[in-house]
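A.B. asks: Take this structure, written in structure tokens, and hold onto it; I'll ask about it next.
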Amino acid sequence: MHDLSLSQLSLELEQGHLSSYELTEHLLKRIAAHDSQLNSMITVTATQALAAAKQADSLRKQNQANALTGIPYIHKDIFCTQDVLTSCGSKILENFISPYDATVTQQLKQAGMVMLGKANMDEFAMGSSNENSHYGPVKNPWQLDYVPGGSSGGSAAAIAAQFAPVATGSDTGGSIRQPAAFTNLTGIKPSYGRVSRYGMVAFASSLDQGGPMARSAEDCAMMLNAMSGHDPLDSTSLPLAPLTIGKADLHQPLKGLRVGLPKEYFTDSLNTEMRDRIEAAAKTLEALGCDIVNISLPHSHLAVSVYYVVAPAEASSNLARYDGVRYGYRCENPVDLQDLYLRSRSEGFGVEVKRRIMVGTFVLSSGYYDAYYLQAQKVRQLIRNDFLDAFKQVDVILSPTTPQPAFKLGERMADPIQMYLADLYTIPANLAGLPALSAPAGFINGLPVGFQLIGKDLEEAKILAVAHQYQQVTNWHLQQPAFNTIV
Amino acid sequence: MQCSEIFTLAKLAHIAVTDAEAEYFATSISKIVQLVHELNAVDVTGVAPMTQPLADVEALRPDKVTETNQVETLLANAPQTAAGLFLVPQVIES
Amino acid sequence: MEWEAVIGLEVHVQLTTESKLFSGASTRYGALPNTQACALDLAMPGTLPVLNEAAVAMAIKLGLAIHGQIARTSSFARKNYFYPDLPKGYQISQYDEPVVKEGYLDVALADGIKRIHITRAHLEEDAGKSLHEDIKGMSGIDLNRAGTPLIEIVSEPDIRSADEAVRYLKALHALVRYLGICDGNMQEGSFRCDANVSVRPKGTTTFGTRTETKNVNSFRYVEKAILYEIERQTNLLAEGGTVTQETRLYDPSTNTTRPMRSKESANDYRYFPDPDLLTLRISDAWIDAMKAELPELPAAKQQRFQENYGLSAYDATVLVGSKELADFFEAVVSLSQAPAKLVSNWVTGELAAALNRDNKDIAESPISTNSMAGLLKRIHDQTISGKIAKTVFEAMLAGEGEADTIIQAKGLVQITDIESIAKIVDKVLLENQAQVDAYRAGKTQLFGFFVGQVMKQTQGKANPEQVNALLSERLT
């Protein structure tokens, strides 16, 4: 039953062929048996999960169930969960038990979903390989010596390994889409403000956005519906009702839909096999009735630079609260207050986090603010303007999700810049606040790759519809890693 | 970027770095600064800085007390407390 | 050389909102440690700020009252620094887009009105408190105050003396209390002042190096701290030394200021726009609504008191110095129907002195407006004389009841019966023949002696005017 999709499981539960308890128990066993090979989970909440499953079953008996009631999911450890460890992949929060639930946690609870546990991730979501976790790297189920991508690498590996049908992720520069591409999943980063950030540990506030990862676009849509909606606890939450993307939306006609291919995303630096996969995807969309249009996003090449100014700047301030005073890691025997601060933070943060804090401190410091931070904010506007201009010509934008498929564990750890470039194509949507998804586009040397669809502001339904209809005529997303047949 | 600059940044960011770490960070952060330096060449005349993707949302909260006394729960995570206070080594001067 | 002080004040006004600037925790003063700090106030991971509408409304009112520009769009910025009472590692404040810009306050000085310009007023959050007592070698952090809304009001360096500074502060203090946006309690830190002081040779226009003296929490201390700084800096410069730009602390026990060690002046706060908060937009409609809610402000009230009650500028100024005092005065006038001048004299005289003696505020007056009116009625209808009224007032303070009760019980009703008074006058003259002779021989200053004797015989109850008239008549 672990191989069933969310929509299939929903039907099974509804028809009474399966109870949430059975399903939950089965998946927990699967995690217990096999996660030691992947390291995708930081915390497994078996007892709470079984209790929640039982409750979901009783709700169903009382006819109070919805499509998600009783569906197990895995929660990225960036979302606060009351009474359960919320580590954010960091030593500095290795003992942090949140006193409250994130809004997303609440929403999923409200929907009757069953949390199986908390997924591994790069520390504070800073990374593209899940090698920056205090809890150790996550392995890619497609090839265990490869990275699953990051920062939502634990969520990705767990769903690819069929530990659950869906997981939550968060995406600041590609952290949902890049791991989805590396593990043959579909994942969507919604429009900025669509999903509440309340209780989602902040990395870069103006870029962070939570979203779902699943094995199909349809499953992502079901999950996104539950995660979306206005939250008065988040000032940057859009004042809009929750999404209700249904079958009709997913089947909206694609005839005449204009799909843009930005020329800047198809330069020589792009792996030729990758180019082939994306062009194949474009052909498929053409066959579905879409018109393929060449477009230009002239400032695209600056996105990584803008990102590595803006994100570290916000992070340097967002992470100042981890000081060993009120919660989290405190160093042993501090001699004075300064020692307490300095050592708690040095011992509690990993290398990549410290590097970004220092970069962020640098670009905000006096004498550099205008040249770096302010300049980056202006170029950020140019990047958004590029999209606004392009969207006058097209309805969605198609690109590769990543320049290459997954890389080997350890391969890029020595060179942060090489690591950063893994997010080359995903970063612009975060800077512009636009919805973007990644969906399976085939394989290169046995490793999955994804295509990215970027939509206009608030047009999650449209890009999900394109991905869904693509998935009706292709079977890339149905391919399973050998890991799943061996285990 | 020099090690001395790394020490200055680390001090501002309240992170202790050893000499070896300072050298490591100096090398990698220099590369990042070199990368982002390309932004300086961009003509941004007349472009307003973009702080947020959202322009026209206004979020205000009515002036209501919605939180109750949660001192026990909230102090449960603290490394050291006494009499409802978070404890830190003596603050010299306020 | 003659020196001139240049002073600018930064005043932190704690707002009277129910809840904090960005969280739903209570702002009530004096609760047990950390019982009014919620997850957001403690900077728990994942928490986000949402701006309190009432704090903005109060900022608009203040902006209107100081004739400032209300920014139609303003924004919040993060001021980054580490301190245990600052849980997020940054303070949310306003930097380049404050909510109010370019206002002023007219302040009454001995030689007329002076306009003190106000550069800006902005919203920001207060910090928590570090407590150093009780725990050996440790400090305790209480975050109840963390996140309490403040408006920081920054004046231009228009002030030239400690006296002007105090008058400006008192006027501002009265204003925020009139507006109902601050309780003004300086002991509890609701109204705090940082003083920027520099000196320069009189007649020059460039500014000297300034020092900032932090958190001075009474008018008297502000005056003393500024006087000390002016003297210290003048002496330094006169001896050929230089003033160091630094942050200093006032020590009331020695009446001196000293440099603060912990807050290095070289701090780089790395202000940047807070990405958790969007642009604050204030509509014309909102401003109009706040305008409509504005109470009568001190300047207008003072003018009305002079015009409607015929009070002197001085009396009116004293009365409008606090809204409660002005309200008390008006209530007593209306309840007693006594002349305003008489009421004013009593309220700013006897009552104010009594309150002052007990270190009480008019709001804590042991004598209600009704009781005060009861007393003034009896003075006005001449039941008692002004002198006797003081005795009655003391008895009222001592809790002996209402004026009428006391007058009755002690038999203090004024003797206005002309024949009774004449009898006593005649008796006094008869008993003091020698003085009468002396008086008639030209020693007219003895007139007071006779009045005193009559008053002594009547236990002060004789109507003084009648006594005077009768004595004059009999002695000529």
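The values are calculated or read from the model by the stated rules, or taken from the named source; none is laboratory data. Because the structure is predicted, anything quoted here is derived from the model rather than measured. Methodologically, a virtual Cβ is constructed for each residue, glycine included, from the backbone with ideal geometry; neighbour enumeration extends over all protein chains shown. Please note that ligands, DNA and RNA were not included when accessible areas were found on the heavy atoms of the full protein model with its side chains. Shrake-Rupley method; radii C 1.70, N 1.55, O 1.52, S 1.80 Å.
A.B. asks: Give me the helices (runs of 4 or more DSSP H) completely within segment B:1-88, filtered to those with at least 2 residues that are under 30 Å from C:LEU32 (Cβ atoms) and open to solvent by less than 70 Å² (accessible area, probe 1.4 Å), ordered by residue number.
C.D. replies: Numbers: elements: B:3-12, B:19-36, B:71-75.
Because the criterion is at least 2 residues that are under 30 Å from C:LEU32 (Cβ atoms) and open to solvent by less than 70 Å² (accessible area, probe 1.4 Å), the helices (runs of 4 or more DSSP H) in segment B:1-88 that meet it are B:71-75.
A.B. asks: Give segment C:51-75 a look and list any residue that's under 30 Å from A:CYS80 (Cβ atoms) and open to solvent by 10 Å² or more (accessible area, probe 1.4 Å), or say none. Explain how you work it out, then say what you get.
C.D. replies: Taking segment C:51-75 first, the residues under 30 Å from A:CYS80 (Cβ atoms) are C:51-56, C:75.
C:GLU53, C:ALA54, C:SER75, listed by residue number.
A.B. asks: Of the conditions (1) within 24 Å of A:LEU68 (Cβ to Cβ); (2) within 14 Å of chain B (Cβ to nearest Cβ); (3) free of Cβ contacts under 8 Å to residues at least 40 places away in the same chain, A:GLY246 fails just one. Which one is it?
C.D. replies: So A:GLY246 meets the others, but not (2).
A.B. asks: Residue by residue through segment C:312-328, note down the ones that are out of contact with any Leu (no Cβ under 7 Å at 6 or more places or on another chain) and closer than 19 Å to C:LEU109 by Cα.
C.D. replies: C:SER312, C:ALA313, C:TYR314, C:ASP315, C:ALA316, C:THR317, C:VAL318, C:VAL320, C:GLY321, C:SER322, listed by residue number.
A.B. asks: Follow-up. Quick check on my filter: what residues within segment A:407-433 are part of a loop (DSSP other than H, G, I, E, B) and surrounded by 17 or more Cβ atoms within 10 Å (Cβ to Cβ)? Walk me through it before giving the result.
C.D. replies: Of all residues in segment A:407-433, those part of a loop (DSSP other than H, G, I, E, B) come to A:407, A:409-415, A:424-426, A:433.
Within segment A:407-433, A:PHE407, A:LEU409, A:ARG412, A:MET413, A:LEU424, A:TYR425, A:THR426, A:GLY433 qualify.
A.B. asks: Now for a separate question. If only one of A:TYR327, A:TYR265 is farther than 28 Å from A:SER87 by Cα and either of a type in the set (Val, Ile, Thr) or not assigned by TED's automatic domain parsing to the domain that holds A:TYR192 (or both), which one is it? Give the steps one after another, and end with the answer.
C.D. replies: Details: A:TYR327 fails: farther than 28 Å from A:SER87 by Cα.
Being farther than 28 Å from A:SER87 by Cα and either of a type in the set (Val, Ile, Thr) or not assigned by TED's automatic domain parsing to the domain that holds A:TYR192 (or both) holds for just one of A:TYR327, A:TYR265, which is A:TYR265.
A.B. asks: Can you tell me which residue is least open to solvent (accessible area, probe 1.4 Å) among those in segment C:127-139 that are facing chain B (nearest Cβ under 7 Å) and in a strand (DSSP E or B)?
C.D. replies: The selected residue is C:SER139.
A.B. asks: Being outside any loop (DSSP other than H, G, I, E, B), modelled with pLDDT of 95 or more and within 14 Å of chain B (Cβ to nearest Cβ) is true for just one of C:ALA54, C:ALA43. Which residue is that? Spell out how you get there, then give the answer.
C.D. replies: Values: C:ALA43 fails: outside any loop (DSSP other than H, G, I, E, B).
Step by step, each of C:ALA54, C:ALA43 is checked, and only C:ALA54 is outside any loop (DSSP other than H, G, I, E, B), modelled with pLDDT of 95 or more and within 14 Å of chain B (Cβ to nearest Cβ).
A.B. asks: With the condition being open to solvent by 50 Å² or more (accessible area, probe 1.4 Å), I'd like the helices (runs of 4 or more DSSP H) fully within segment A:183-289 carrying at least 2 qualifying residues. Walk me through how you get there before you give the answer.
C.D. replies: Details: elements: A:217-227, A:247-250, A:272-287.
Helices (runs of 4 or more DSSP H) meeting the threshold: A:247-250, A:272-287.
A.B. asks: Whether any residue in segment A:24-47 is farther than 30 Å from A:SER346 by Cβ and not in a helix (DSSP H, G or I) is what I want to check.
C.D. replies: So far as segment A:24-47 goes, yes, one or more of its residues are farther than 30 Å from A:SER346 by Cβ and not in a helix (DSSP H, G or I).
A.B. asks: Oh, and also: So A:HIS301 fits all but one of (1) open to solvent by 10 Å² or more (accessible area, probe 1.4 Å); (2) in contact (Cβ under 8 Å) with a residue 40 or more places away in the chain; (3) within 9 Å of another protein chain (Cβ to nearest Cβ); (4) assigned to a helix (DSSP H, G or I); what number is the exception?
C.D. replies: (2)
A.B. asks: Restricting to segment A:328-348, name every residue that is open to solvent by less than 10 Å² (accessible area, probe 1.4 Å) and part of a loop (DSSP other than H, G, I, E, B). Walk me through it before giving the result.
C.D. replies: Step one: list which residues in segment A:328-348 are open to solvent by less than 10 Å² (accessible area, probe 1.4 Å), which gives A:328, A:331, A:340-341, A:344-345, A:348.
Across segment A:328-348, the qualifying residues are A:GLY328, A:CYS331.
A.B. asks: Mind counting the residues in segment A:69-100 that are of a type in the set (Lys, Arg) and either assigned to a loop (DSSP other than H, G, I, E, B) or under 21 Å from the mean Cα position of the chain (by Cα) (or both)?
C.D. replies: Residues of segment A:69-100 of a type in the set (Lys, Arg): A:76, A:91.
Imposing the further condition that a residue be either assigned to a loop (DSSP other than H, G, I, E, B) or under 21 Å from the mean Cα position of the chain (by Cα) (or both) reduces the set to A:76.
Total meeting the criteria: 1.
A.B. asks: Let me ask you something else. Please give the helices (runs of 4 or more DSSP H) falling wholly within segment C:388-476 in which 3 or more residues are farther than 30 Å from C:ASN356 by Cα and modelled with pLDDT of 80 or more.
C.D. replies: Values: elements: C:403-410, C:418-431, C:433-440, C:447-457, C:464-475.
Ranges flagged: C:418-431, C:433-440, C:447-457, C:464-475.
A.B. asks: For segment C:275-303, what are the residues that are polar (S, T, N, Q) and within 14 Å of chain A (Cβ to nearest Cβ)? Give the steps one after another, and end with the answer.
C.D. replies: Filtering segment C:275-303 for residues polar (S, T, N, Q) gives C:279, C:283, C:302-303.
Residue satisfying the conditions is C:THR279 alone.
A.B. asks: Also, quick follow-up: Could you tell me how many of the residues in segment A:365-384 are more than 8 Å from chain B (Cβ to nearest Cβ) and in contact with a His (Cβ under 8 Å, 6 or more places away or on another chain)?
C.D. replies: Taking segment A:365-384 and keeping what is more than 8 Å from chain B (Cβ to nearest Cβ), we get A:366-370, A:373, A:383.
Narrowing the set further to residues that are in contact with a His (Cβ under 8 Å, 6 or more places away or on another chain) leaves A:383.
Qualifying residue count, segment A:365-384: 1.
A.B. asks: Any idea which of (1) more than 14 Å from every other protein chain (Cβ to nearest Cβ); (2) open to solvent by 10 Å² or more (accessible area, probe 1.4 Å) is the one A:ASN132 doesn't satisfy?
C.D. replies: A:ASN132 satisfies all of (1) more than 14 Å from every other protein chain (Cβ to nearest Cβ); (2) open to solvent by 10 Å² or more (accessible area, probe 1.4 Å) except (1).
A.B. asks: Return yes or no: is A:ILE454 over 19 Å from the mean Cα position of the chain (by Cα) and open to solvent by less than 10 Å² (accessible area, probe 1.4 Å)?
C.D. replies: no
A.B. asks: Residues A:PRO416, A:PRO435: which one is touching a strand residue (DSSP E or B) at 6+ places or on another chain (Cβ under 6 Å) and either without any contact (Cβ under 8 Å) to a residue 40 or more places away in the chain or over 18 Å from B:PRO49 (Cα atoms) (or both)? Explain how you work it out, then say what you get.
C.D. replies: Details: A:PRO416 fails: touching a strand residue (DSSP E or B) at 6+ places or on another chain (Cβ under 6 Å).
Being touching a strand residue (DSSP E or B) at 6+ places or on another chain (Cβ under 6 Å) and either without any contact (Cβ under 8 Å) to a residue 40 or more places away in the chain or over 18 Å from B:PRO49 (Cα atoms) (or both) holds for just one of A:PRO416, A:PRO435, which is A:PRO435.
A.B. asks: Using the structure shown, decide if A:ASP208 is of a type in the set (D, E, K, R), in the same structural domain as A:ILE74 (by TED's automatic domain parsing) and within 22 Å of A:LEU85 (Cβ to Cβ). Break it down stepwise before answering.
C.D. replies: Working: of a type in the set (D, E, K, R): yes; in the same structural domain as A:ILE74 (by TED's automatic domain parsing): yes; within 22 Å of A:LEU85 (Cβ to Cβ): yes.
Yes, satisfied.
A.B. asks: Quick one: C:LEU64 ticks every box in (1) modelled with pLDDT of 95 or more; (2) more than 23 Å from the chain's Cα centre (by Cα) except a single one, so which number is it?
C.D. replies: C:LEU64 satisfies every listed condition except (2).
A.B. asks: Could you list, in sequence order, the residues of segment C:353-385 that are free of Cβ contacts under 8 Å to residues at least 24 places away in the same chain and open to solvent by 40 Å² or more (accessible area, probe 1.4 Å)? I'd like the intermediate steps shown before the answer.
C.D. replies: We begin by selecting, within segment C:353-385, every residue free of Cβ contacts under 8 Å to residues at least 24 places away in the same chain; these are C:353, C:355-360, C:364, C:368, C:381.
Correct list: C:ALA353, C:ASN356, C:ARG357, C:ASP358, C:ASN359, C:LYS360, C:GLU364, C:SER368, C:ASP381.
A.B. asks: Looking at A:PRO312, is it open to solvent by 10 Å² or more (accessible area, probe 1.4 Å), within 14 Å of chain C (Cβ to nearest Cβ) and not aromatic (Phe, Trp, Tyr)?
C.D. replies: Working: open to solvent by 10 Å² or more (accessible area, probe 1.4 Å): no; within 14 Å of chain C (Cβ to nearest Cβ): yes; not aromatic (Phe, Trp, Tyr): yes.
No.
A.B. asks: Out of C:ASP142, C:ASP158, C:ASP106, C:ASP111, which single residue is surrounded by fewer than 24 Cβ atoms within 10 Å (Cβ to Cβ) and within 13 Å of chain A (Cβ to nearest Cβ)?
C.D. replies: Working: C:ASP158 fails: within 13 Å of chain A (Cβ to nearest Cβ); C:ASP106 fails: within 13 Å of chain A (Cβ to nearest Cβ); C:ASP111 fails: within 13 Å of chain A (Cβ to nearest Cβ).
Going through C:ASP142, C:ASP158, C:ASP106, C:ASP111 in turn, just one is surrounded by fewer than 24 Cβ atoms within 10 Å (Cβ to Cβ) and within 13 Å of chain A (Cβ to nearest Cβ): C:ASP142.
A.B. asks: A follow-up question, please. Check off (1) under 19 Å from A:VAL201 (Cα atoms); (2) in contact with a strand residue (DSSP E or B) (Cβ under 6 Å, 6 or more places away or on another chain) for A:TYR146 and give me the number that stays unchecked.
C.D. replies: The one condition A:TYR146 does not meet is (1).
A.B. asks: Select from segment A:326-364 the residues that are β-branched (Val, Ile, Thr), more than 7 Å from every other protein chain (Cβ to nearest Cβ) and in contact with a helix residue (DSSP H, G or I) (Cβ under 6 Å, 6 or more places away or on another chain) and list them in ascending order.
C.D. replies: If the condition is that a residue be β-branched (Val, Ile, Thr), more than 7 Å from every other protein chain (Cβ to nearest Cβ) and in contact with a helix residue (DSSP H, G or I) (Cβ under 6 Å, 6 or more places away or on another chain), then A:VAL353, A:VAL363 are the ones that fit.
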